[in-house]
């Protein structure tokens, strides 16, 4: 309800806190969003020529004269084709598990959803493990196709293949929800009017999915454009890896690398802004809403044509194998010794936990015939100092950033809702959504360049120097996760009945008490979910880690990447690949546990929690009774006997 | 008990309440009735302190509380959605206000137990989450929460509007019973005329930010002071030109008659009753009574007749319709 004209304004401690919070917010927004990005933008036009004169268009001329457009074109090519392949696979997996009656759909769904717990650098290295020139599957395929190119899994094809299966997570979540929201009566009505099953799918079901598909398409396009881990690890010249390369380069090596990196990030930002504007415009037009008051649950459609039915089943299981093989292989090989992993052949006598725990020495014979011992050359994830260091650093930085993003967003959203329809609340919201318009790489690159000097704004500190980089990583992590956190937490706040706040005030609760005891407990499951999902994403995050990679900022993703290169070099890190497999399994476990806690345990309301507690209590009582410790027997003991025992 | 004097509330340039004057007496069940957007909830929120009026005063027990903070007014509220805190148990919901007042733990327990007993909530139910309760039980929790702090009055903002018809009637009766038991002054907001008529000692009928009439249920129903009240409370037949002319009613006024005041055939007999010929167009069977749509004197008249099982008229049948001039309401 609109505030009445006669409402009183209150001044006091709360107001002071408000001013302090506002000043801090503006300080952080300017310092960690506006200034670094502006610096990047201006750096493009402040490049100096050989004579030391500023030449505003030098970089742009260089861009068109050199090979830089090829990076943009490569990224565009990847994005366009990715939209096609991801949509084909994404729509397929959703239709196969939710719309068509395919045998074993539950198992299939689990397989298709593995990308939720297995993504980023872990997934790319997993695919490499299977498909690269010495990969298990490459070797296996060569047995059937001897003339096949052993190095088939490299460059564009490998990136497209990997990302196609890595990027269907959003389809598995959002398109699935959309298809489950379809009113089955509409399908029945179409069938009743004589439409054949395929026509029903095309004319009734698909149109209702179009808005979701459009959003997914735009997001996939942006993902393709901003791809980082797959092109870097599999070798494909797209924009992001080039930005990171240029950011680490100097003028001694090539012409104005920083300004070129800035130009590339700005190009990426422009693409992102245009695409998100289109998406926003489309979303504002609204979605198809079911007008049905008694929505019927979708009934799975049996494919009537037997040939089509068999083909659909084959297709479903081929996809399942593609999704599951890397996961299964990684788990199996994480339990194999280094020799088996290196030869990529299963050794049934070589089962070990050394890739997870403990360490072993490695003895080898030199060319001079001497036997040497390399201590701890074989070590597990939790025994290897470098790996455990990466895990520790990523864990701490991700947890702090995820928590910080939640705190900022919860306070801001509470403010936004308190001052609904006011310009200042809209401004706060716009500031928090600002990073959404900018590609992650632009933010990171801008931080790296802007803060890699003594900056007056942060009290003359160099935030990229030594351990300061960790603070910079936290800030980058936080900023990048703000828009997602805002959207989720805002949705949770919308669910709070305004009358609850009135009720609490009526019962005498102050604003702070109302927030802490009434509103926060309601939104807490969503806030924890945001925290968990952000933590999950940041824990193995690659793009930012690669940009900030330094001796003090080697995160878990960078450690995993390094395991690809250092295996067995000079008799060291003999089981780097095994540790990589174990790392991936560890990530899957952490991600799976977090998703379970968020969507399994965290989604329960108080009623469900109390019901479970009651059920457990009854079970426990039954158990006590069955083993003769029940309360009934205790009561049967005469009081005087009890007294005597005392 | 509660006295509103010349209350004006504005939202920006829009004046939501125009000089509202109400006096609610001690122990009374007083209802604000009116259509959506008429100002009844705004008036209630002005009393409870969520809205500050631009001018006018709110007095409670002869004390000016116009600018007293919400929590210091000692008014209990039962909200439309009940506003029960979903993350707390029933017990904690009821105890919330007492904890805020920093009462001792055993005192809180005593008060919660007492009030729970009064509103018929068991110990088992106190341990439950509010989501585990039925609509009726939730209402009782909301009432208990509002009453446990021992407020001087209790305000209810359409507390039955989210329930289905059957439960509404059932809870309506319980509500009335509880109000009588506690003897607490109650201000009740509703747009449901039947609810207002059955529950209230007195009713204030709101329209466009004004109060059209304040009176007992009988006064507002049978002696509606304005055309709006007559139209809003119950169903009504507007009388058109031919009847107005034939009955020699004042042609400069609008004339109405309630459905049950029209008499058919033998009921139309009697002294001073004006009779016209009509044809039954259709009928609706309600069990206890039957509603007829009759065309007479170039207009349609709706008539309610008690279902005696004998005098039931068929569509197309010609009937005599009687109007007693005393039953005509003119504005």
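Every number in this text was worked out from the coordinates using simple rules, so none of it is lab data. All figures in this text were calculated on a predicted structure; none of them were measured in a lab. Reconstructed Cβ throughout: ideal geometry from the backbone, glycine too, with neighbour counts over all protein chains shown.
What the table shows:
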{"item": "Length-normalised contact order of region A:129-282 in % [C-alpha pairs under 8 Å, at least 6 apart]", "result": "19"}
{"item": "Relative counts (whole %) of C-alpha pair distances in region A:333-458, using bins that are 10 Å wide", "result": "10, 19, 22, 16, 16, 11, 5, 1, 0"}
{"item": "Relative exposure of A:409, B:264, judged by other C-beta atoms within 10 Å (fewest first)", "result": "B:264, A:409"}
{"item": "Alpha-carbon Rg/Rh ratio, for region A:367-411, with Rh computed the Kirkwood way", "result": "1.44"}
{"item": "For region A:1-154, Kirkwood radius (reciprocal of mean inverse C-alpha pair distance, Å)", "result": "23.2"}
{"item": "Inter-label distance, nm, simple model (7 Å from Cα along the C-beta direction), residue A:214/residue A:603", "result": "2.8"}
{"item": "Length gained when the stretch residue A:54-residue A:331 is fully extended (0.36 nm per residue, less Cα-Cα span)", "result": "94.1 nm"}
{"item": "Cβ neighbours within 10 Å from other chains - mean over B:73-85", "result": "4"}
{"item": "Separation of alpha-carbon centers, region B:35-92 and region A:435-505, rounded to whole Å", "result": "40"}
{"item": "Per-selection metrics, region B:134-280 (Cα): Rg and Dmax in Å", "result": "20.2, 62"}
{"item": "Value at 222 nm in deg cm²/dmol, rounded to 500, when DSSP H runs of n ≥ 4 in chain B each add -39,500 (n - 2.57)", "result": "-8000 deg cm²/dmol"}
{"item": "Contact order normalised by residue count of chain B, Cα under 8 Å, 6+ apart, percent", "result": "17"}
{"item": "Antiparallel DSSP beta bridges within the protein assembly as shown, as percent of all bridges there, nearest 5", "result": "75"}
{"item": "Shielding by other protein chains, A:113-119, mean Cβ within 10 Å", "result": "0"}
{"item": "Estimated inter-spin distance, residue B:67 and residue B:271, nm [label 7 Å along Cα→Cβ]", "result": "6.4"}
{"item": "Cα-Cα separations in region A:42-83 greater than 16 Å, expressed as whole percent", "result": "51"}
{"item": "Cα-only Debye scattering, region A:503-555: base-10 log of I(q)/I(0) at q = 0.15, 0.32 Å⁻¹", "result": "-0.60, -1.08"}
{"item": "Region A:91-197, Cα convex hull volume normalised per residue, Å³", "result": "150"}
{"item": "Projected-area mean, chain A, by convex hull of Cα positions, square nanometres", "result": "45.7"}
{"item": "Two-decimal Rg/Rh across region B:236-330, once Rg and the Kirkwood Rh are taken from alpha-carbon atoms", "result": "0.95"}
{"item": "Pairwise centroid distance, computed over Cα atoms, of region A:178-244 with region B:184-259, Å", "result": "58"}
{"item": "Residue A:365-residue B:219 pseudo-label distance in nm [points 7 Å out on the Cα-to-Cβ vector]", "result": "11.5"}
{"item": "Cβ neighbours within 10 Å from other chains - mean over B:95-105", "result": "3"}
{"item": "Compactness relative to 2.2 N^0.38 Å, alpha carbon Rg of chain B", "result": "1.21"}
{"item": "Sorted by Cβ density within 10 Å, fewest first, the residues A:581, A:431, B:155", "result": "A:431, B:155, A:581"}
{"item": "Stretchable slack from residue A:192 to residue A:572, in nm (0.36 nm times residue separation minus alpha-carbon distance)", "result": "129.8 nm"}
{"item": "FRET efficiency for residue B:161 and residue A:282, using Cβ-Cβ distance with R0 set to 35 Å, rounded to 0.05", "result": "0.40"}
{"item": "Antiparallel content of DSSP bridges confined to chain B, in %, to 5", "result": "75"}
{"item": "Relative exposure of B:189, B:319, A:479, A:84, judged by other C-beta atoms within 10 Å (fewest first)", "result": "A:84, B:319, B:189, A:479"}
{"item": "Mean Cα-pair separation over length for chain A, i.e. relative contact order, pairs under 8 Å, 6 or more apart, %", "result": "17"}
{"item": "Chain A - mean residue ellipticity at 222 nm from DSSP helices (-39,500 (n - 2.57) per run, n ≥ 4, rounded to 500)", "result": "-20000 deg cm²/dmol"}
{"item": "Alpha-carbon centroid distance for the pair region A:330-384 / region A:110-153, whole angstrom", "result": "22"}
